[in-house]
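Take a look at the structure below.
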Amino acid sequence: MQKVVSINLNGNAYQLDENGYETLRHYLGRAEQQLASNPDRAEIVADLEQAIADKCQRYLGPSKTVVSAAEIERIVAEMGPVEPPAAGADGAGADGAGDAGTAEPAAPPKDATRRLYRIPSGAMIAGVCTGLAAYFRLDVAIVRIAFAGAALLTQGAAIIVYVVIMFVVPEAGTPEEQAAAGGLPFNAREVIDRVGKRSAETTRALRRQLRRQQRAWRRHGWPPGAPVVYGPQALVMLPIFGLVQMALFLVAVALLISLVNTGAILTWELPPDVPVWAAALILLVAYQIIVSPIRAARQRATYPPGAVEPGAMAFWNAVGWLIGLAFAIWLASNHLPEIRDFLQRLPELFRDFADTMRDLFTRAR
Amino acid sequence: MPPEGKFAAIRKGLLEYLILKIVAANKVYAADILKRLSTTDFATQEGTLYPLLSKMRRDGLLDYEWQESDAGPPRKYYELTAKGRSQLAELNEYWRDLNAVIGQLGK
């Protein structure tokens, strides 16, 4: 659900959802900035507002009174960036390259603003690895092996990363998107909208699957692996270890976010020759080392020696955890600017890492 | 094919000339100009056109008048001023000369 904002575009009232409003405000703010020294600024902005209002009208009807964020994005893209006309004959050449984007929206993307897509063709699961490979200009096999290795090392945490990427990153649907697999700059707001939509779809799919599973269980009895008998000490121990582990997890996340956003862990600045990704990696490994005895103790407290967590329960535990995590990220990126920052910086961080790895590989050869 | 940037520079330099031509042929409003350009290599967006129109009006090349439209609010219809017409004539002539020069070079 989104709040609706009423706006006045050159004398016409329109209702936008909150994200659309932000996009539009940003666009018009930039327009005013570009025209700061233009004596006709007010008039041009009024004309722009009128043009936007006309375009909004296209999307509205008797049963649709709110212009959505996606529609606003489309309108703003149609309008194109506002730029003052070249001052003289020489001005035309000076920023000719910058104009390529305006005159021709399909101009080839610059390398620096490649965009992360999932690429379904050649994908094994959801195209995350193929997309990452295209984005980092690496071989898919290397990315897959790295992912599998990371999954083993982190006891599955990398799988969570995979699922998060699956949710957050759009699929390269059209041929243009696939060819670009990195056209426009990474846009946090779009990502957030997409997660909202996708999570609804996934919830539906999971519910279907759960119902199917339940029918199967009713027919064939419960899955093998009898329900676990919790030891008497479990009731006492579980919350303590659980709380400690949760607290450590939160601390690690806070440190990681501070590291990625500011390049410093709380107030401690990194030495200049240590890249941020390396510090992040060290932080993650340290967290794993600190947390592993607690995890082991928790395991022992929960299950009697020798007992194995039943497969189905472990699976649904993991699914619940993933959904919770995806939801928490979506919520946080909607409300906390730090998290939005963090998510936007992540691709850059991974690219740094990939670049360093590639350098290492090429030098080794 | 030369780099995209060079074409973009040429297009940008010629845009004002094309607008003069379009406005000279018909009394138009901004959306008409965009529509007329959209099928050409000179496809332009509002963000570029509006500031340019306002500059051309300040330079005294064109002027507009408000006209009621049957759908929606009144629109600004642009037409050339005397100065705009004489500049268009100059540009036409320059363009012909330029074409002749380009055609003769390298022969």
Which of B:Gly60, B:Gly84, B:Gly72 ends up with the largest GNM mean-square fluctuation for chain B, with Cα atoms connected below 10 Å?
B:Gly72
Of B:Lys12/B:Lys76; A:Lys64/B:Lys35; A:Lys64/B:Lys27; B:Lys6/B:Lys83, which ones are farther than 32 Å apart at the Cα?
A:Lys64/B:Lys27
Hydrodynamic radius (Kirkwood) for chain B, which is based on Cα pairs only, to one decimal in Å
15.3
Just to confirm a number: summing +1 for Lys and Arg and -1 for Asp and Glu over residues other than B:Trp95 whose beta-carbon lies under 14 angstrom from that of B:Trp95, what do you get?
-2
Applying the span-like rule to chain B (DSSP H, Cα extent along axis at least 24 Å, Kyte-Doolittle mean at least -1.0) gives B:4-25, B:82-104
With +1 on each Lys and Arg Cβ and -1 on each Asp and Glu Cβ, how big is the dipole of chain B about its Cα centre, in debye rounded to the nearest 20?
240
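Read the figures in this text as sums done on the coordinates, not as results from a lab. This is a predicted model, so every value here is computed, not measured. FYI the Cβ positions are ideal-geometry reconstructions off the backbone, even for glycines, and counts take in every protein chain you see.
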